[in-house]
1. For a quick check, take a GNM of the chain with Cα springs below 10 Å and name the residue from Q237, Q25, Q72 with the largest mean-square fluctuation.
2. Taking GluC sites (Glu not before Pro) as candidate sites, keep only those in a DSSP loop with at most 11 other Cβ atoms within 10 Å, then name the longest stretch of the chain containing none of them.
3. For N332 and S172, FRET efficiency with R0 = 51 Å and r from the beta-carbon atoms, rounded to 0.05?
4. How far is it, in nm, from the label point at I54 to the one at N99 when both lie 7 Å from their Cα along the line to the Cβ?
5. Enumerate the amide H contacts of I280 below 5 Å, restricted to partners 5 or more residues apart or on another chain; note that Pro and chain-start residues carry no placed amide H.
6. How far, in nm, would the chain grow between Y80 and Q137 when pulled straight, counting 0.36 nm per residue and subtracting the alpha carbon separation?
7. Please state the charge dipole magnitude for the range 26-159, taken about the Cα centre, from unit charges on C-beta atoms (+1 on K and R, -1 on D and E), reported in debye and rounded to the nearest 20.
8. Count charges around K176 for me, please; just the other residues with Cβ under 10 Å from its Cβ, Lys/Arg as +1, Asp/Glu as -1.
Amino acid sequence: MKKLIYGLIPFLIIACSTKPDNQFQLIGTTNGIENGTVLYIDDTGTETSVDSTIVENNSFHFQTKLSKTPLQVVLRTKNYTHYRFLWLENNSMSFDATNADFRNALVTGSVEENLSYSLSKETDTLPRDERIRKEQQFVERHPNSIHSAYILSVYASTWGKEKAKELYENLSIEIKQTEYGKKIANFIKLNKNPRMGDSYVDFEMESPNGELKRLSEFKGKLVLLEFWGSGCLPCRQENPNLVNTYKKYQPKGFEIFAVSQDTKRESWLKAIEDDQLPWIQVSDLKGHNNTASLIYGINYIPDNFLIDQKGIIIERDIRGERLIAKLEELLN
């Protein structure tokens, strides 16, 4: 389920202009890390390495050119034994983990990092409803913060189109023009949020071989519109059961149209091969910003919609014995 966990989930950052004489550096202290341990900074947006350095006497120093600033990164050891998501800026930043683990280290030099970390501390132990209220208040009170746009881009489908639109319209023009502002605008534009009893919403997307496939190609059949991803453990655990169900009921008129929320084509294709999934697969490799996911208001995966032969949505999030019982009812 999609959940914003501050300090665990990356905080996404706006690119902005900086003074020519400013240059990023991160000076850090650690506790109990062996000499020679390599630390890496990875760009969480592109999933590429920004820089690396070596810890000596529990100290380290990064100084490199950032592709944009501020920049969302993860500071980590090779095996992620120690890690921390950060916002880097073209400033002299400090990282003090002398008396704390990486995730609770004291970081200075980034305004957005301070904002997000303060919010995480305020909401970390709150019940879900109160946490959501605090997050919505943050978005409303900080219209010039890229972190507001990030929070809203993550939770737009969870909070609903109406609330998302209200908060989006309060954002500054500059924030609306960021990639996260554009994601929110795209959700507001695309989202239909169909419910049980509504007709399905058609869409077109590429299959693994690059062929465009439409949901409407299965008109007249009983179709399970399945949302999943290669990195989703519950999805992968359910796949063997779904394969058996498909093999039994496909000859009787049951089809599956699967939409992957993957971002990496290789991971997507490997999962299809490893799990031996025989039904039609599509993806635009945009993660939870997948076009179909925005249309259908997907908040978490696995999720699905069962669409009858007349194109009406009759069930949602149905699997296992419930799915089998429904197929028996409709196809026998």
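1. Q237
2. 48-210
3. Values: r = 58 Å, r/R0 = 1.14.
Computed FRET efficiency for S172 and N332: 0.30.
4. In this crude spin-label approximation the distance works out to 3.1 nm.
5. Under 5 Å from the amide H of I280: I256, A258.
6. Numbers: separation 57, 0.36 × 57 = 20.52 nm, distance 3.29 nm.
Between Y80 and Q137, full extension yields 17.2 nm more.
7. Details: 12 positive and 17 negative charges, 36 e Å.
My answer is approximately 180 debye.
8. Within the 10 Å Cβ shell, the charges total -1.
No value in this document is a laboratory result; all are computed from the given coordinates. Source: prediction; values computed, not measured. All Cβ positions, even for glycine, are placed from backbone atoms using ideal geometry, and neighbour counts span all protein chains on display.
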